[in-house]
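FYI, it's all coordinate maths here, none of it is from the lab. Keep in mind that this is a model prediction, so the values were computed, not measured. A quick note on method: Cβ atoms are made from the backbone with ideal geometry, for glycine too, and the neighbour counts reach across all protein chains shown.
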Amino acid sequence: MDVRYLQEEFSRVFEEIPKKTNMTPQSKELLFIHLTEEVGELARQIVNEEHRKEKFDKVNLSEEFGDVFMILCVLASKYDLDLSKECEEKLVRIRKKFNLD
C-alpha cells in the first residue's frame, strides 16, 4: 500500500465513524489534540525501552506508530494536503540539501 491510498482510506473511515456511532465529526483542532495524545503514547513506549524496560511493549510501540500515522493522514486530508506528494518533495529537498543525489 502506498501513502496516498492509506491517506484516502483513513480519511474515508474517519468520515464514516460518526455516521455509525452518532459521534460528532472531528474538527482539525480535535484531530491535532488527538495526534498530540498519540505522539505522547508513542513517546511513553520509547522512554520505556530505555528507562523502564519492564514496561516496554514492542507490539504497543508498533501500534502507536500506526496511530500517529493514521491521525497525521486524516489531519493532512482536512487541510487538502497530499502526504505522498509532500513526502516525495521533502525527499528531493533533503537529497539536494545534503548533496545525496
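Structure values in brief
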| item | result |
| --- | --- |
| Point-charge dipole on Cβ atoms (K/R +1, D/E -1) for the range 3-97, about Cα centre, debye to 20 | 380 debye |
| Spin-label pair LEU81/ARG12, simplified geometry with 7 Å Cα→Cβ offset, distance in nm | 2.3 nm |
| Most mobile listed residue (ASP82, ASP57, ASP67) in the chain, GNM with C-alpha springs under 10 Å | ASP57 |
| Dipole-positive endmost among PHE10, PHE32, ASN99 within the chain (Cβ charges, Cα centre) | ASN99 |
| Positive minus negative residues near SER11 (Lys, Arg vs Asp, Glu; Cβ under 12 Å) | -3 |
| Theoretical gain in end-to-end length, ARG4 to ARG95 [0.36 nm per residue, Cα-Cα removed] | 30.6 nm |
| Filter on LYS28/LYS90; LYS19/LYS53; LYS58/LYS97 - keep pairs with C-alpha separation over 31 Å | LYS19/LYS53; LYS58/LYS97 |
| Per-pair calculated FRET efficiency, R0 = 30 Å: MET23 and ILE46 via Cβ, rounded to 0.05 | 0.50 |
| Global geometry of the chain, whether rounded, prolate or oblate, following the gyration tensor of its Cα atoms and the 1.5 cut on a/c | oblate |
| Loop trypsin sites (Lys or Arg not before Pro), the chain, which have at most 15 other Cβ atoms in a 10 Å radius of their Cβ (DSSP) | ARG52 |
